[in-house]
Amino acid sequence: MMVNYLKKSFAVKPEDSYFVQSVQPWCKEDALMTLLNATPGKGGYSALYSTEADRALWKPEAKDAATIVYREDKSSKTWDGVVLGFKWSDSVCKEYGKSMIGKLCMDMWYLEKLDKPEEFVREIRRFELPAGQTPKDWARPGVDPMQKLGLSE
């Protein structure tokens, strides 16, 4: 879903690239890294394992933040980014609980909606990195990208 959203709403030119920074890692990162060619080996991925205490400080508009995706414009050597949240649908497959059948049911339900990612992916904020900075500057130990973006108390 997020990859489809990015390709529609936050696309890169063939010569440019993405950097993925998860602020709430879950299985979506496996797909994001692979499909956006933003793997750790290529220097295109980082994860911030936010705690419940960290997320409690996030501003209301950022409570469902999941991932920050940066895109590089190589011609201008600038980076911009988007903070994305994901709106889960709790109304499907409840009868199966958290079983494998429930997960398969949910996967099948989402597959039918792949062409409508905007129904589930929410843009929280778009931004530009200051001149001379890269996403790796925001991915270093001790740096909180949510705070730098004004999305945390």
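Miscellaneous remarks
- Candidate set: segment 137-153, residues that are touching a Ser or Thr at 6+ places or on another chain (Cβ under 8 Å) and under 24 Å from Ser9 (Cβ atoms); chosen: the one surrounded by the most Cβ atoms within 10 Å (Cβ to Cβ): Met146
- Count of residues meeting criterion [under 22 Å from Ser22 (Cβ atoms), part of a loop (DSSP other than H, G, I, E, B) and modelled with pLDDT of 85 or more] in segment 90-129: 2
- Residue within segment 130-140 that is part of a helix (DSSP H, G or I), within 23 Å of Leu57 (Cβ to Cβ) and either among the basic types (Lys, Arg) or over 16 Å from the mean Cα position of the chain (by Cα) (or both) present: yes
- Being over 26 Å from Gly44 (Cβ atoms) and of a type in the set (Gly, Ala, Ser) is not true of Gly132.
- Residue list for segment 50-105, restricted to those being of a type in the set (S, T, N, Q), buried (at least 16 other Cβ atoms within 10 Å of the Cβ) and more than 26 Å from Glu153 (Cα to Cα): Thr78
- Some residue of segment 117-129 being surrounded by 11 or more Cβ atoms within 10 Å (Cβ to Cβ) and over 19 Å from the mean Cα position of the chain (by Cα): no
The values are calculated or read from the model by the stated rules, or taken from the named source; none is laboratory data. This structure is a prediction, so every number in the text was calculated from the model and none was measured. Every residue, glycine among them, receives a Cβ derived from its backbone with ideal geometry; neighbour counts consider all protein chains shown.
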